Amino acid sequence: MGLEYALIAHVLAEKYCGAEPSPMRPRFLGYIEKQGCDSGTEIYKDVEAAIAKMEGAGLKLLAQNGNPKLTMSDEQVQEWASTATKELGGCDALKKAHDAGFGQ
């Protein structure tokens, strides 16, 4: 699974499926560091920025792909979350992956 999908899956597991919140930085940035990419690398900086954006975003902003100018109704946001969750294997799969950790 690509890092972007893994980040989205992590957020959906918490914000849509009810998984217990856990910090994203140690999990994802720690994985990147184990692969030999330290804080000076482009991928590390990109993932760090993506995490910062997702940590503060609600489900609506995530559904709007980070664009606050889009106007999605709560119903549209829930439909997006439901569809995205199904495409990623469903809530049970997302919570299982969330609880297991990334790259462990």
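The values are calculated or read from the model by the stated rules, or taken from the named source; none is laboratory data. Predicted, not measured: the structure shown is a model, and the values here were computed from it. Cβ atoms come from the backbone with ideal geometry, glycine included; neighbour counts cover every protein chain shown.
Taken together, LEU29, LEU61, LEU12 contain a single residue that is under 18 Å from VAL77 (Cα atoms) and at pLDDT 90 or above, which is LEU12. Going by what's in this entry, would LYS53 be described as within 18 Å of GLU20 (Cα to Cα), basic (Lys, Arg) and assigned to a helix (DSSP H, G or I)? Judged against the criteria, LYS53 is not a match.
Might you let me know whether the stretch 56-66 holds any residue that is in a helix (DSSP H, G or I), without any contact (Cβ under 8 Å) to a residue 40 or more places away in the chain, among the polar types (S, T, N, Q) and touching a Phe, Trp or Tyr at 6+ places or on another chain (Cβ under 9 Å)? The answer is no, given that none of the residues of the stretch 56-66 is in a helix (DSSP H, G or I), without any contact (Cβ under 8 Å) to a residue 40 or more places away in the chain, among the polar types (S, T, N, Q) and touching a Phe, Trp or Tyr at 6+ places or on another chain (Cβ under 9 Å). Just to verify a result, which residue in the stretch 8-27, among those that are of a type in the set (A, V, I, L, M, F, W, C) and part of a helix (DSSP H, G or I), is nearest to VAL47 (Cα to Cα)? For the stretch 8-27, the residue satisfying everything is MET24. Would you call GLY40 out of contact with any Asp or Glu (no Cβ under 7 Å at 6 or more places or on another chain), surrounded by 11 or more Cβ atoms within 10 Å (Cβ to Cβ), of a type outside the set (A, V, I, L, M, F, W, C) and assigned to a loop (DSSP other than H, G, I, E, B)? No; evaluated as a whole, the condition is false for this residue. Restricting attention to the stretch 79-103, the residues being in contact (Cβ under 8 Å) with a residue 12 or more places away in the chain and either surrounded by 15 or more Cβ atoms within 10 Å (Cβ to Cβ) or part of a loop (DSSP other than H, G, I, E, B) (or both) number 13.
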